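Remarks on the structure that follows.
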């Protein structure tokens with residue numbers, strides 16, 4: 001009987017420890033964030049060991065929201081698929097990586113997807129010399145694809161539905177796709193758009209290769225937290241929403257200081273100048289302003305990691321604001 005009580009008490013204590021993520025982060029003094037590593041554009045490391053990328057900026061935004069400083073962050077690159085055990089054991093506070101949101105991942109592994117930060121799907125990359133600007137123009141070409149079941153099946157369904165001809169070259173490992181493409185074994189690559197963009201950056205001249213705009217599957221990628229801490233879930237969610245709302249309202253890291261006297265109610269709420277939207281989350285009144293100062297709005301993050309200066313621009317497409325025909329949408333702050 002005593003053993004049963006001890007086990008139950010230990011389980012309850014562990015659950016409470018996990019449920020107080022905000023307090024644990026503050027007591028530790030820094031956020032522990034996991035993401036895929038490396039994946040060009042999302043998380044890459046330079047010669048001096050400094051990490052940068054879209055995922056890293058999301059991690060920095062969370063650190064700014066919670067601790068007021070985007071540099072109070074320990075980043076841990078993760079290899080493999082979803083890696084949710086690292087959340088369950090408390091080794092990480094949040095995962096920001098490229099494991100797409102699915103019903104099973106959201107319900108089975110004691111993990112919880114927060115909100116999409118990047119919309120994607122299976123796409124195609126071709127040399128500009130092919131003169132192809134749409135996936136629906138693909139015909140009589142050789143396509144390299146990974147034999148992971150879903151991507152190969154989608155490829156076959158797409159060409160069957162469009163009554164187009166193609167030859168497939170199948171590899172077990174995604175890493176082989178770029179080698180085959182560079183070696184002339186195929187003239188088209190098919191993989192998730194974010195992975196194609198990373199591959200394109202490894203080519204000698206990324207600009208002569210085009211990622212076609214269509215997606216033949218749907219994938220939503222975003223932060224994942226433990227399933228037992230609603231407040232932490234809401235903190236991460238409203239950090240993401242702050243980035244999106246900031247872009248919609250035209251608030252950037254460059255003009256934020258000049259908006260202290262604004263009369264626009266939506267902007268005043270975003271910057272913590274009106275109301276106290278941080279209090280229910282256990283955060284400072286100006287936590288969203290801290291986020292924008294640290295990393296900019298969503299558009300700034302996207303531009304920094306996928307814009308022309310990277311040498312391999314990735315069109316926003318689905319990741320445009322809903323006002324511009326994209327899927328990016330955040331509830332209002334009020």
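State which residue is nearest to the chain's Cα centre (by Cα) when the search covers only the range 177-204 and only residues that are in a helix (DSSP H, G or I) and free of Cβ contacts under 8 Å to residues at least 24 places away in the same chain. Explain how you work it out, then say what you get.
Within the range 177-204, the first condition is being in a helix (DSSP H, G or I), and the residues that meet it are 177-182, 193-201.
Among the residues that remain, those that are also free of Cβ contacts under 8 Å to residues at least 24 places away in the same chain are: 179, 182.
Numbers: 179: 26, 182: 27 Å.
Looking at residues that are in a helix (DSSP H, G or I) and free of Cβ contacts under 8 Å to residues at least 24 places away in the same chain, I get 179.
Could we say that residue 326 is part of a loop (DSSP other than H, G, I, E, B), surrounded by fewer than 16 Cβ atoms within 10 Å (Cβ to Cβ) and touching a strand residue (DSSP E or B) at 6+ places or on another chain (Cβ under 9 Å) here?
Numbers: part of a loop (DSSP other than H, G, I, E, B): yes; surrounded by fewer than 16 Cβ atoms within 10 Å (Cβ to Cβ): yes; touching a strand residue (DSSP E or B) at 6+ places or on another chain (Cβ under 9 Å): yes.
Yes.
Tally the residues that are in contact with a helix residue (DSSP H, G or I) (Cβ under 9 Å, 6 or more places away or on another chain), at negative phi and in a helix (DSSP H, G or I), restricting the search to the range 283-317.
20
Residue 270 passes all but one of (1) surrounded by fewer than 19 Cβ atoms within 10 Å (Cβ to Cβ); (2) over 26 Å from residue 97 (Cα atoms); which number fails?
Status for residue 270: all satisfied but (1).
Confirm whether residue 240 is touching a helix residue (DSSP H, G or I) at 6+ places or on another chain (Cβ under 6 Å), buried (at least 17 other Cβ atoms within 10 Å of the Cβ) and in the same structural domain as residue 300 (by TED's automatic domain parsing). Before the answer, list the steps.
Details: touching a helix residue (DSSP H, G or I) at 6+ places or on another chain (Cβ under 6 Å): no; buried (at least 17 other Cβ atoms within 10 Å of the Cβ): yes; in the same structural domain as residue 300 (by TED's automatic domain parsing): yes.
Criteria not met by residue 240.
Being in a helix (DSSP H, G or I), farther than 28 Å from residue 308 by Cβ, more than 24 Å from the chain's Cα centre (by Cα) and touching a residue at least 24 places away in the same chain (Cβ under 8 Å) is the requirement here; does residue 158 meet it?
Yes: the conditions hold for residue 158.
When the range 103-143 is examined, which residues are found to be surrounded by fewer than 20 Cβ atoms within 10 Å (Cβ to Cβ) and closer than 17 Å to residue 169 by Cβ?
127, 130, 139, 140, 141, 142
Any idea which of (1) in contact with a helix residue (DSSP H, G or I) (Cβ under 6 Å, 6 or more places away or on another chain); (2) within 22 Å of residue 224 (Cα to Cα) is the one residue 326 doesn't satisfy?
So the condition that residue 326 fails would be (2).
For the structure I just gave you, tell me whether residue 230 is surrounded by fewer than 18 Cβ atoms within 10 Å (Cβ to Cβ), assigned by TED's automatic domain parsing to the domain that holds residue 308 and without any contact (Cβ under 8 Å) to a residue 40 or more places away in the chain. I'd like the intermediate steps shown before the answer.
On the way: surrounded by fewer than 18 Cβ atoms within 10 Å (Cβ to Cβ): yes; assigned by TED's automatic domain parsing to the domain that holds residue 308: yes; without any contact (Cβ under 8 Å) to a residue 40 or more places away in the chain: yes.
Criteria met by residue 230.
Restricting to the range 238-271, and then to whatever is part of a loop (DSSP other than H, G, I, E, B) and either touching a residue at least 60 places away in the same chain (Cβ under 8 Å) or within 26 Å of the chain's Cα centre (by Cα) (or both), can you tell me which residue is farthest from residue 332 (Cα to Cα)? Show your work before the answer.
Going residue by residue through the range 238-271, those that are part of a loop (DSSP other than H, G, I, E, B) are 250-255, 260-264, 271.
Imposing the further condition that a residue be either touching a residue at least 60 places away in the same chain (Cβ under 8 Å) or within 26 Å of the chain's Cα centre (by Cα) (or both) reduces the set to 250-255, 271.
Numbers: 250: 14, 251: 14, 252: 17, 253: 20, 254: 22, 255: 20, 271: 13 Å.
Ranking the candidates gives 254 first.
The values are calculated or read from the model by the stated rules, or taken from the named source; none is laboratory data. Just so it is clear, the structure is predicted and the values come from calculations on it, not from any experiment. We place every Cβ from the backbone using ideal geometry, glycine too, and count neighbours over all the protein chains shown.
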